[in-house]
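Here's the structure, in structure tokens; my notes come after.
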Amino acid sequence: MSRRNVLAGLLLLAGLVVTGRTVLAHHAFGAEFDANAPIRLQGKIVRLEWVNPHTWIHIETVKDGQTEVWMVEGGTPNTLLRRGITKDSLVIGTEIVVRGYQSKDGLCKPKCRANGRDVTFPDGRKLFMGSSGTGAPRDGRDPTEAGAGAGKPPVKKPGGN
């Protein structure tokens with residue numbers, strides 16, 4: 001075997017390893033979250049993970065006198081930036097309300113997890129924080145949500161476009 005073939009093989013193997021990790025890191029909504037378990041969380045932001053493939057907002061809530069910290073999954077950082085959510089708008093200590101869907105396990109052990117649909121800020125601003133195309137439910141209330149009005153046939157324009 002020539003050095004050229006060995007180098008090409010190693011590059012191919014490295015590419016497969018990197019691609020494999022990316023595929024395993026990303027998942028469809030239905031793999032982890034329950035569309036039949038909507039949840040509303042209100043609490044203070046205690047941590048923010050602004051990383052690919054999903055952002056995570058950690059919110060401290062109180063339920064039955066007990067403190068719970070929920071990890072709320074959002075879209076990619078780029079998706080959130082396009083929707084007007086930045087690291088600066090998610091300040092630690094800010095009280096927010098998040099609507100979303102609970103994880104399929106339905107438990108808070110070892111961690112409370114949810115997929116965030118939208119976040120409401122103290123000033124009343126509401127922004128869609130979900131990632132489109134993952135299988136998360138669409139309710140059509142957010143005009144920026146990909147596929148809003150799902151279920152309706154697309155409007156055909158004259159000329160076939």
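The values are calculated or read from the model by the stated rules, or taken from the named source; none is laboratory data. These numbers come from a predicted model, not from an experiment. Here Cβ is always computed from backbone atoms with ideal geometry, including for glycine, and neighbour counts include all displayed protein chains. We work out accessible area using only protein heavy atoms, side chains counted, and drop any ligands, DNA or RNA first. Shrake-Rupley method; radii C 1.70, N 1.55, O 1.52, S 1.80 Å.
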Which ³J(HN,Hα) values in Hz, rounded to whole numbers, follow from the phi angles of region 28-41 under the Karplus curve 6.51 cos²θ - 1.76 cosθ + 1.60, where θ = phi - 60° and Gly and Pro get x? 7, 3, x, 6, 10, 10, 9, 5, 9, 10, x, 9, 10, 10
Listed by chain and number, the residues whose amide H is under 5 Å from that of Lys104, excluding neighbours fewer than 5 places away on the same chain and using placed H, are Phe33, Asp34
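Counting only other residues whose beta carbon sits under 13 Å from that of His58, what net charge do I get with K and R as +1, D and E as -1? Let's see the in-between values first.
Details: positive: Lys44, Arg47, Lys111, Arg113; negative: Glu49, Glu60, Glu68, Glu73.
Its environment carries a net charge of 0.
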For region 33-126, give the share of DSSP beta bridges that are antiparallel, in percent and rounded to the nearest 5; count only bridges with both residues there. 90
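Give me the number: length gained by fully extending Lys63 to Arg47, i.e. 0.36 nm times residue separation minus the C-alpha to C-alpha distance, one decimal in nm. Present the calculation step by step, with values, prior to reporting the outcome.
On the way: separation 16, 0.36 × 16 = 5.76 nm, distance 1.90 nm.
Gain on extension, Lys63 to Arg47, equals 3.9 nm.
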What does the charge add up to near Arg113, with Lys and Arg as +1, Asp and Glu as -1, over the other residues with Cβ less than 10 Å from its Cβ? -1
Accessible-area order (highest first, 1.4 angstrom probe) of the listed residues Asp118, Asp105, Asp88, Asp34: Asp88, Asp105, Asp34, Asp118
